[in-house]
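Peer 1: The structure's right below; bear with me while I get my questions together.
Just so it is clear, none of the values below were taken in a lab; they were calculated from the coordinates. The structure presented is a predicted model; accordingly, all values stated were derived computationally and were not measured. FYI the Cβ positions are ideal-geometry reconstructions off the backbone, even for glycines, and counts take in every protein chain you see.
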Amino acid sequence: MISICGLGRGMRSLHTPEDFRLAARRRLPKGLFDFIDRGTEGEFALDRSRRAYDEMTLMPRALIDVSRRHVSIDLFGKKMAMPLAIAPTGAAGLLWHQGEIELARAARAEGIPFSVATGAITSLEEIAEKAGGRLWFQLYMWPDRSLSHELVHRAEAAGYEALIVTVDTVVTPNRSYNARNGFSIPMKANRRVVADLARRPGWLFGVMARYMLAGGMPRHENYPAALRVPITAGVVANPKNETLDWADLMQLRRLWKGPMIVKGILHPADARRAVDCGADGLIVSNHGGRNFDSAPAPLAILPPIVDVVNNRAAVMIDGGICRGSDIAKALALGATCALAGRLPLWGLAAGGEAGVARVLAMFREDLSRTLAFVGVTDPSSLRGVDRGISE
Ligand SMILES: Cc1cc2nc3c(=O)[nH]c(=O)nc-3n(C[C@H](O)[C@H](O)[C@H](O)COP(=O)(O)O)c2cc1C
């Protein structure tokens, strides 16, 4: 594990989630920063998801020996150094040259899983080869399902541990700020975008130029060969499929032998059905508030989902996780573990692997501190811990 003290000098001046966000904002073109930072429509889901953590309290307890505490858990029969995984984020490779490898290395050093997105810029095979560690593969479905099934076989051949099937992105979300600033993926080289990129020479030379020198414009290397075009080609190749249904999930269950995690579940009835279809894990998620602005906060909907799942699968959660105490709150309400999307990306944009390592160390140290304050010595004892409210 990398301790905070062992990190690069630049990272040592970053102490809070907002420090990392602002450091990322200074490095990235505005369009790219907004693409990662913001939500959808009025950004109510984004705000609601975060506020649910701010408004939840945990009751501190006194005079309990917590000196021998630890933050590790077991998931899918293996140890995780803390109850946190890095969520899949398609654009990570645009924030830092080969950003997915940097994220995976930091996750491996910390002893937690890293989720590789279908839309990664570096191929799932190269990430496995150069970073290793506990890797989960996130799958989107193309209208031609066989293209996605091919990816499942690739992930299996590369030794991925778990398959994450994302079910909450059947149509393109309405992100009007991207329409306004001209940014999209695939990127279109209009005047606004070119001017925006030119204002960030550090990013232009440190990220884009390195891809160009190493073989050309970045591409989504996991995409099927026919769709693997440069991200500036301007053609819409993103996988979206409005016809997905439960039969697709059952088919994936038959294809994938390892743990299958269904991501983007919010309705308890959907949670029950996903588990009935053979899911080993669920991620209670509104996609970080990026898709459907009327969606509830994942934390608010967690308890009924934990109830219906009734220990038949691991219930995970994401959306708004910024602190170790947020992880503790989710576990207090019955989650097995949490995932973080944006904060590791801010760490990546701020300092590559060292930045992500710093973010993960913050999560770990903060979670350990939270355990001590609430008087428990391991994450599993958080379940049902006193929240400090009279029911
Ligand atoms: C820039 C960005 C790209 C994302 N890309 C994907 C993706 O390709 N697949 C997916 O399942 N989720 C994707 N997500 C959603 C994350 O996996 C996760 O659900 C979300 O970021 C959690 O919220 P948080 O950012 O507040 O931690 C993306 C999120 C961000 C911020």
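Peer 1: Kirkwood hydrodynamic radius for region 30-117: how many Å is it when counted over pairs of different Cα atoms?
Peer 2: Over region 30-117, the inverse of the mean reciprocal pair distance is 16.4 Å.
Peer 1: Name the long-range amide H neighbours of Leu75: under 5 Å, sequence gap of 5 or more, or other chain; modelled H, no Pro or chain starts.
Peer 2: Hits under the 5 Å cutoff: Met80.
Peer 1: Apply the membrane-span-like helix rule to the chain: whole DSSP H runs, Cα extent along the own long axis of at least 30 Å, mean Kyte-Doolittle hydropathy at least 0.5. List the helices found. Please report the intermediate quantities before stating the final value.
Peer 2: Working: long enough: 342-374 (33 Å, 0.59).
TM-like helix candidates: 342-374.
Peer 1: For region 310-388, what are the per-bin percents of Cα-Cα distances with bins 10 Å wide, up to the bin holding the maximum?
Peer 2: Reading upward from the zero bin: 19, 46, 27, 7, 0.
Peer 1: Tell me what the chain gives for mean residue ellipticity at 222 nm when only DSSP H runs of n ≥ 4 count, each as -39,500 (n - 2.57), the sum divided by the residue total, rounded to 500 deg cm²/dmol.
Peer 2: About -12500 deg cm²/dmol.
Peer 1: Å³ per residue of the Cα convex hull, for the chain?
Peer 2: Spread over its residues, the Cα hull of the chain gives 132 Å³ apiece.
Peer 1: What is the extension gain from Arg369 to Ile64, computed as 0.36 nm multiplied by their sequence separation minus the C-alpha to C-alpha distance, in nm to one decimal?
Peer 2: Here the answer is 108.4 nm.
Peer 1: Further, regarding this structure: Counting other beta carbons within 10 Å of each residue's own, what order do Ile305, Ile73 fall into, fewest first?
Peer 2: Least to most surrounded, the residues fall as Ile73, Ile305.
Peer 1: Decide, for region 243-391, between rounded, prolate and oblate: order the square roots of the alpha carbon gyration tensor eigenvalues as a ≥ b ≥ c, take rounded if a/c falls under 1.5, and otherwise choose prolate if a/b is larger than b/c, else oblate.
Peer 2: oblate
Peer 1: To continue, here is another question. Can you compute the radius of gyration and Dmax for region 185-253, using only the Cα atoms, both in Å?
Peer 2: In Å, with Rg to one decimal and Dmax whole: 16.5, 48.
Peer 1: Taking the beta-carbon count within 10 Å as an exposure proxy, list Met212, Met260 from fewest neighbours to most.
Peer 2: Taking fewest neighbouring Cβ atoms as first place, the list is Met212, Met260.
Peer 1: Size of region 201-300 along its principal axes in angstrom, Cα-based, largest extent first?
Peer 2: 49, 32, 25
Peer 1: Cross-link candidates for Lys188: which lysines have Cα within less than 25 Å, leaving aside residues fewer than 8 places away along the same chain?
Peer 2: List returned: Lys30, Lys240.
Peer 1: Ok, one more. Using the C-alpha gyration tensor of region 10-79, what are the square roots of 5 times its eigenvalues, in whole angstrom, with the largest one first? Don't jump to the answer; show the numbers that get you there.
Peer 2: Details: eigenvalues 211, 75, 53 Å².
They are 33, 19, 16 Å, listed largest first.
Peer 1: Specify the inter-centroid distance of region 199-245 and region 294-361, based on alpha-carbon positions, in whole Å.
Peer 2: 28
Peer 1: Right, next: Could the peptides 295-301, 371-377, 249-255 be put in order, highest first, of the mean number of other beta-carbon atoms found within 10 Å of their residues?
Peer 2: Top of the packing list down: 295-301, 371-377, 249-255.
Peer 1: Mean 1/r over all different Cα pairs, inverted: what Kirkwood radius does region 104-198 give, in Å?
Peer 2: Answer for region 104-198: a Kirkwood hydrodynamic radius of 15.5 Å.
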